[in-house]
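As structure tokens, the structure follows; a few thoughts come after it.
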Amino acid sequence: MSENFEFKLTATDGRARRGEITMPRGTVRTPAFMPVGTGGTVKAMYMDQVRDLGADIILGNTYHLMLRPGAERVAKLGGLHEFARWQPPILTDSGGFQVMSLAQLRKLTESGVTFRSHIDGRAYEMTPERSIEIQGLLDSDIQMQLDECVALPSTPKDIQRAMELSLRWAERCKTAFGNQPGKAMFGIVQGGDVADLRIRSAQALKGMDLKGYAVGGLAVGEPQDVMLEMLDVTCPELPDDKPRYLMGVGTPDDILKSVARGIDMFDCVMPTRAGRHGLAFTRRGKVNLRNARHADDPRPLDEESSCPAARDYSRAYLHHLVKSGEALGAMLLTWNNLSYYQQLMQGIRGAIEASNFNGFTEETQVAWAQG
Ligand SMILES: CC#C[C@H]1NC(N)=Nc2cc3[nH]c(NC)nc3cc21
């Protein structure tokens, strides 16, 4: 533990990095995967289970929590850690992406964005200052800047405008955040799929000397090679001694290829959402438990797994639960998927320490192909 927010690199293998982020609430081993806990819950999981799987940090969403139950209410109840009974670090997204993707009747100005709640239609204003205030009320350990997230596809002109506005908002967020030694505010690199804009955004944010940097505006439907190309141009512009967080990513293959390009942190709804829809991630690839071919299969998902959901239940039973819409189906498959993701991250961290990241990547991809 540290009363400050500190990041240190402990090993590298090519551009892949092994590190640790120390904060008062705990240490985050990187590369790290953050389970998504949007409304203060990692859906279908107990927080103790999430921790036992090896997660060092989870993600919460400003947008959802401000709408329901309300940031001031969570603050009065002791903050998000107390409210959700998750004591390790929490990273909160700023609301920029969710306002773009969920809110209604959005109106954007230099000052901020006004919108109506997708839940009850109530009107809200979100400014850089209010976003940081809300994340402070939640007692978030890593707070994201408010950014303007243009929906894709967008014109280069619109991407540039949004990138430049987001830089001005980053400055305002930095001012509003002030000096909080045990916490961090991360900037978000924007620029869509335009390399020059990505470089300019990264260089400008680096000049603000922030405690960490996210790469945003990806994992919004663009082809994987475009996402990877943007990482190739963005990561070299970011400081080596600060964490790099790729927002909303991704599949296990996305994660391997992004770690190879210098990314340290990830979050994605993939393992939890897929689990609720009957899809299992395993060492030998994905298994769609909705498929009738599992109806009589007595084998577990992975007899060698340390996770009971993967080791102790037949595919036939999981298929039955999924087809019947039983809550236990979502619970077991979410448990399995988060276990797989955390075991993948543990394997990645060990491989970088052993200077074997490329070998680990090849072995993992071959195993997926075994089916
Ligand atoms: C443009 C932009 C941008 C980023 N800005 C903020 N605040 N959060 C994000 C969350 C994301 N999730 C996914 N994919 C699921 N891409 C994301 C990108 C962002």
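The values are calculated or read from the model by the stated rules, or taken from the named source; none is laboratory data. If you're wondering where the values come from, they're calculated on a predicted model, not measured in any experiment. Reconstructed Cβ throughout: ideal geometry from the backbone, glycine too, with neighbour counts over all protein chains shown. With ligands, DNA and RNA removed, areas are computed over all heavy atoms of the protein, side chains included. Shrake-Rupley method; radii C 1.70, N 1.55, O 1.52, S 1.80 Å.
Things to note:
- Residue in region 266-274 that is open to solvent by 30 Å² or more (accessible area, probe 1.4 Å), touching a Leu at 6+ places or on another chain (Cβ under 8 Å) and either within 16 Å of the ligand (Cβ to nearest atom) or among the charged types (D, E, K, R) (or both) present: no
- Pairs where the first residue, in region 7-20, is free of Cβ contacts under 8 Å to residues at least 24 places away in the same chain and the second is aliphatic (A, V, I, L, M) and buried (at least 16 other Cβ atoms within 10 Å of the Cβ), C-beta under 8 Å, 6+ apart: GLU20/VAL28
- Extreme residue, most open to solvent (accessible area, probe 1.4 Å), among residues of region 98-120 that are within 15 Å of the ligand (Cβ to nearest atom) and not in a loop (DSSP other than H, G, I, E, B): ARG106
- Checking each residue of region 143-154 against the condition of being under 21 Å from the mean Cα position of the chain (by Cα), buried (at least 18 other Cβ atoms within 10 Å of the Cβ) and either more than 13 Å from the ligand (Cβ to nearest atom) or among the polar types (S, T, N, Q) (or both) gives at least one match.
- Residue that is open to solvent by less than 60 Å² (accessible area, probe 1.4 Å), of a type in the set (A, V, I, L, M), more than 16 Å from the ligand (Cβ to nearest atom) and in contact (Cβ under 8 Å) with a residue 40 or more places away in the chain, where the choices are LEU301, LEU256: LEU256
- Of LEU77, LEU65, LEU59, all but one fail to be more than 22 Å from VAL189 (Cβ to Cβ) and within 16 Å of the ligand (Cβ to nearest atom); the exception is LEU65.
- Some residue of region 238-246 being touching a Lys or Arg at 6+ places or on another chain (Cβ under 7 Å) and within 13 Å of the ligand (Cβ to nearest atom): no
- Just one of the listed residues (GLY19, GLY78, GLY95) is in contact with a helix residue (DSSP H, G or I) (Cβ under 6 Å, 6 or more places away or on another chain) and either surrounded by fewer than 18 Cβ atoms within 10 Å (Cβ to Cβ) or closer than 22 Å to PRO243 by Cβ (or both), and it is GLY95.
- Pair list, Cβ < 8 Å and 6+ apart or interchain, from region 216-234 residues that are in contact (Cβ under 8 Å) with a residue 24 or more places away in the chain to residues that are near the ligand (Cβ under 6 Å from one of its atoms) and among the aromatic types (Phe, Trp, Tyr): GLY216/PHE97
- In region 51-65, residue farthest from the chain's Cα centre (by Cα) [restricted to those that are part of a helix (DSSP H, G or I) and surrounded by fewer than 24 Cβ atoms within 10 Å (Cβ to Cβ)]: ASP52
- Helices (runs of 4 or more DSSP H) contained in region 282-371 and holding at least 1 residues more than 20 Å from MET45 (Cα to Cα): 315-324, 327-353, 357-370
- Annotation: of all residues in region 121-142 being open to solvent by 60 Å² or more (accessible area, probe 1.4 Å) and in contact with a Lys or Arg (Cβ under 7 Å, 6 or more places away or on another chain), the one that is nearest to the ligand (Cβ to nearest atom) is GLU129.
- Residue in region 160-193 that is nearest to the ligand (Cβ to nearest atom), counting only those that are part of a helix (DSSP H, G or I) and of a type in the set (Phe, Trp, Tyr): TRP169
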